[in-house]
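The values are calculated or read from the model by the stated rules, or taken from the named source; none is laboratory data. Since we're looking at a predicted model, the values are computed, not measured. All Cβ positions, glycine included, derive from the backbone under ideal geometry; neighbour counts span all protein chains shown. These accessible areas exclude ligands, DNA and RNA; they are computed on the full protein's heavy atoms, side chains included. Shrake-Rupley method; radii C 1.70, N 1.55, O 1.52, S 1.80 Å.
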Amino acid sequence: MIANFIEGLTKYEFLQNALFTSVVIGIVSGVIGCFIILRGMSLMGDAISHAVLPGVAVSYIVGVNYFIGATVFGLFAALIIGLVTQHSKLKSDTAIGIVFSSFFAAGIIAISFAKSSTDLYHILFGNVLAVTQSDMIITVVIAIIVVLFVIVFYKELLVSSFDPVMSQAYGLRTQVIHYALMLLLTLVAVSALQTVGTILVVAMLITPAATAYLLSNRLSVMILIASTIGVVSSVVGLFLSYSYNLASGAAIVLTTTVFFILAFLFSPKQNLLIKRRKAIK
Amino acid sequence: MIELKNLTVTYQDKPALSDVSLTIREKAITGIIGPNGAGKSTLIKGMMDLVKKNSGVTTVDNQPLNNVRKNIAYVEQRNTIDLTFPIKVSETVLLGTFPKLGLFHRPKEKEKQKVIESLKQVKMEEFGNRQIGELSGGQLQRVFIARALAQEADIIFLDEPFVGIDMNSEKVIIDLLKQLRDEGKTIVVVHHDLSKVTTYFDDLIILNQELISYGPIAKSFTTANIKSAYGDSMGDLMIKGVND
């Protein structure tokens with residue numbers, strides 16, 4: 001089976017592209033995902049990944065690369081969510097729910113105008129085997145931007161995620177950091193759309209990061225673990241998808257889930273089994 | 001000298017603080033007291049521009065707040081901190097060096113040395129490698145004070161530092177605050193326990209949604225002021241060591 005996969009890799013360019021793209025997306029979604037879950041923005045990740053849908057449709061209609069339209073709409077959604085939250089008595093999860101479902105609904109209708117239903121299927125569920133050369137290049141560029149940003153502003157990201165009040169007190173522009181992260185989150189969500197599709201992007205962001213969270217007590221270590229899990233899951237998922245003809249996105253996401261379950265059961269932080277054993281005694 | 005002019009804060013149309021103007025003396029420990037809901041925390045948050053306010057300007061030695069922010073350490077209430085965050089004690093203290101490092105500079109040997117020193121000052125040097133969630137309330141409070149020390153700020157604001165901590169930690173902290181004052185720092189403490197007022201503070205601000213009094217203990221901590229903050233019956237109960 002594995003030999004078959006490796007043979008396929010040497011033979012087919014589409015499989016090489018798919019593997020490379022998946023690996024890169026595994027890395028960046030792990031990195032950004034850590035900040036998303038630590039800042040309590042998981043729902044925001046879900047929202048943005050859904051809200052890019054109309055952007056994809058508009059890009060098809062206008063005839064530009066879908067990265068552009070998707071990014072514009074993702075950011076637009078983040079802004080509207082911010083506005084609704086600030087200017088109403090609603091809690092932010094409610095504002096997020098309203099905005100992203102509206103965007104998503106608009107996207108479904110717009111897609112039906114733009115292209116056939118098979119395309120909708122690929123956008124919703126991902127089709128990593130159809131990644132083009134230009135998509136690959138954009139994905140790599142996004143990955144470089146994200147990783148550089150996190151390295152350069154690690155200090156600021158750490159302090160504003162852990163203690164926003166202290167950050168504000170000493171004059172850090174926390175709003176700027178928030179929207180910069182939203183921008184990166186949007187870029188990552190758009191690129192992850194290729195491997196797992198809009199509906200499952202949030203899993204790539206949250207599950208590896210959550211698993212790493214259970215296994216580490218330093219942010220830098222957590223980021224490394226999350227990226228590693230992202231990469232391994234992408235490779236294993238792609239392998240399963242190729243070998244058993246499964247949907248690639250679903251296979252990748254379920255692989256991350258397996259990691260999460262293992263960490264949940266055995267992590268020292270969680271201590272679930274040890275606690276249980278003590279309880280039985 | 002810290003000067004606050006006309007601070008008014010309302011939360012959802014309810015006044016939290018109205019038109020508070022005061023000055024805080026440098027090189028002294030100033031306490032802020034008042035009943036629950038008096039706006040004690042709001043006062044320091046308002047002074048630091050951390051809440052939405054209707055009006056109010058803070059200056060430090062006639063400089064606008066934004067010019068001197070890095071020179072003010074703010075130790076917030078412990079319950080606002082996420083204790084499950086993947087961060088160790090030493091790294092938490094290291095955060096204190098970030099304001100003066102500024103963008104694009106990474107903490108180096110000097111900053112790490114500062115962390116060790118600061119942890120020693122609060123007697124927590126053996127806990128550097130612990131995750132912050134493993135500490136007791138008092139230990140955690142000392143770590144946050146170490147973080148303020150690492151910032152090397154001349155002004156330190158503390159919001160209810162003595163709530164829910166052990167006696168030993170309280171003593172370590174108050175001794176340290178007094179030592180810092182003697183070294184020339186300006187310290188402002190939100191506090192709720194009237195019995196400690198005369199031993200802990202040099203100056204006192206008494207609040208109940210508006211300013212009732214401020215100034216040196218001898219002038220500010222009087223029966224009349226306490227009664228007007230806490231009401232007559234409560235005031236009687238709380239008066240102990242009050243100047244008449």
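If you go through the stretch B:128-142 and keep only what is within 16 Å of A:D163 (Cβ to Cβ), surrounded by fewer than 24 Cβ atoms within 10 Å (Cβ to Cβ) and more than 10 Å from every other protein chain (Cβ to nearest Cβ), you end up with B:L135, B:L140.
Just one of (1) more than 21 Å from A:Y213 (Cβ to Cβ); (2) in contact with a Leu (Cβ under 7 Å, 6 or more places away or on another chain) fails for B:F85. It is (1).
Conditions tested, residue by residue: (1) facing chain A (nearest Cβ under 7 Å); (2) crowded, with 21+ Cβ neighbours inside 10 Å.
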residue: B:K45; (1), (2): no, yes
residue: B:D49; (1), (2): no, no
residue: B:K52; (1), (2): no, no
residue: B:D61; (1), (2): no, no
residue: B:N66; (1), (2): yes, no
residue: B:E76; (1), (2): yes, yes
residue: B:T84; (1), (2): no, no
residue: B:F98; (1), (2): yes, yes
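Of the residues making up the stretch B:157-205, those that are in a helix (DSSP H, G or I) and open to solvent by 40 Å² or more (accessible area, probe 1.4 Å) number 12.
Restricting the search to helices (runs of 4 or more DSSP H) fully inside the stretch A:35-134 and requiring at least 2 residues that are open to solvent by less than 50 Å² (accessible area, probe 1.4 Å) and either within 14 Å of chain B (Cβ to nearest Cβ) or under 30 Å from A:L219 (Cα atoms) (or both) gives A:42-51, A:66-87, A:92-114.
Here B:S90, B:S18, B:S41 are screened, and the one residue that is open to solvent by 10 Å² or more (accessible area, probe 1.4 Å), over 24 Å from A:D163 (Cα atoms), of a type outside the set (F, W, Y) and at pLDDT 90 or above is B:S18. Within the stretch B:37-78, the set of residues being without any contact (Cβ under 8 Å) to a residue 60 or more places away in the chain and of a type in the set (S, T, N, Q) comprises B:T42, B:N54, B:S55, B:T58, B:T59, B:N62, B:Q63, B:N66, B:N67. Restricted to the stretch A:173-189, and to residues there that are within 17 Å of B:L103 (Cα to Cα) and either acidic (D, E) or open to solvent by 10 Å² or more (accessible area, probe 1.4 Å) (or both), the residue that is farthest from the other protein chains (Cβ to nearest Cβ) is A:H178.
For the stretch B:21-34, a residue qualifies if it is open to solvent by 10 Å² or more (accessible area, probe 1.4 Å) and in contact with a Leu (Cβ under 9 Å, 6 or more places away or on another chain), and the qualifying residues are B:S21, B:T23.
Of all the residues in the stretch A:135-172, those that are among the small types (G, A, S), out of contact with any strand residue (DSSP E or B) (no Cβ under 7 Å at 6 or more places or on another chain) and facing chain B (nearest Cβ under 7 Å) number 1. Residues in the stretch B:102-110 include none that are in contact with a strand residue (DSSP E or B) (Cβ under 7 Å, 6 or more places away or on another chain) and within 14 Å of another protein chain (Cβ to nearest Cβ).
Residue-level analysis places A:A192 outside the set of residues that are modelled with pLDDT of 95 or more and open to solvent by less than 10 Å² (accessible area, probe 1.4 Å).
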